[in-house]
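Student: The structure under discussion is supplied below as structure tokens; questions concerning it will follow.
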């Protein structure tokens, strides 16, 4: 996983080596030498089938397919964890699970090749925060997760990314829901201030991006 904070501090972090592998089947077709394809012609749609959790009240999480068919993005409109100050103790951990249904042109299938997460952090010295994402496909027992921790003092926009080293493609002509469960957690530690970690689209250029890798069936 690559992590970096942008904005006021513009601090670069090291590559930590955490990887993301999302699968609907056990056949690693790209690993067998299959040639990857450019995005297909035709309509690609992504829609929220369900969204629930303490970090996403009904109607506060939306999904949009990229116009160039390269992937899709999730926008959270009220996803923030806070600790300290006047924050309620239950606000220190928030989660949001979104079920996304992706429809692709006939004769094509896809893998999730990369995921990017963006948000904003205000962490004072002594405080820490966690961003964790867990993935599973409807009807599949495979369960993949990634997480990143942040340590104060931090104040600004952050983004992280996960890249799958082996591309595993969904079965052709099948539609299944990709469940994406994201958690934000803040621990005040020795800080007495109000600390926060957010993924709210109202904070600016903040959303979660998923990039496709395409191949023909």
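Student: By count of other Cβ within 10 Å, fewest leading, how are 180, 112 ordered?
Tutor: 180, 112
Student: What is the fewest-to-most order of 96, 172 by other Cβ atoms lying within 10 Å of their Cβ?
Tutor: Ascending Cβ contact count within 10 Å gives the list 172, 96.
Student: Can I ask one more? In nm, to one decimal, how far is the modelled label at residue 103 from the one at residue 205, with both set 7 Å along Cα→Cβ?
Tutor: Here the modelled spin labels are 3.2 nm apart.
Student: Sticking with this structure for a sec: Sticking with the crude label model, points 7 Å out along Cα→Cβ, report the distance from residue 193 to residue 175 in nm, one decimal please.
Tutor: So the label points at residue 193 and residue 175 sit 4.8 nm apart.
Student: Let me ask something additional. Determine the gain in length on full extension of the stretch residue 142-residue 217; use 0.36 nm per residue of separation and subtract their C-alpha separation, reporting nm with one decimal.
Tutor: Answer, rounded to one decimal: 24.8 nm.
Student: Still on this model: Simple spin-label model, 7 Å along Cα-to-Cβ: residue 77 to residue 64 in nm?
Tutor: 1.3
Student: A further question follows. Region 103-207: D in µm²/s via Stokes-Einstein (Kirkwood Rh, Cα pairs, 37 °C, 0.692 mPa s)?
Tutor: 208
Student: Kindly put 190, 149 in sequence by how many other C-beta atoms sit within 10 Å of each C-beta, fewest to most.
Tutor: Going from least to most buried by this count: 190, 149.
Student: Over what distance in Å are the Cα centres of region 53-89 and region 150-217 separated?
Tutor: Spelled out, the Cα-based centre of one part sits 10 Å from the other.
No value in this document is a laboratory result; all are computed from the given coordinates. These figures come from a predicted structure and were not determined experimentally. For neighbour counting, all protein chains shown are included, and Cβ atoms are generated from backbone atoms with ideal geometry for every residue, glycine included.
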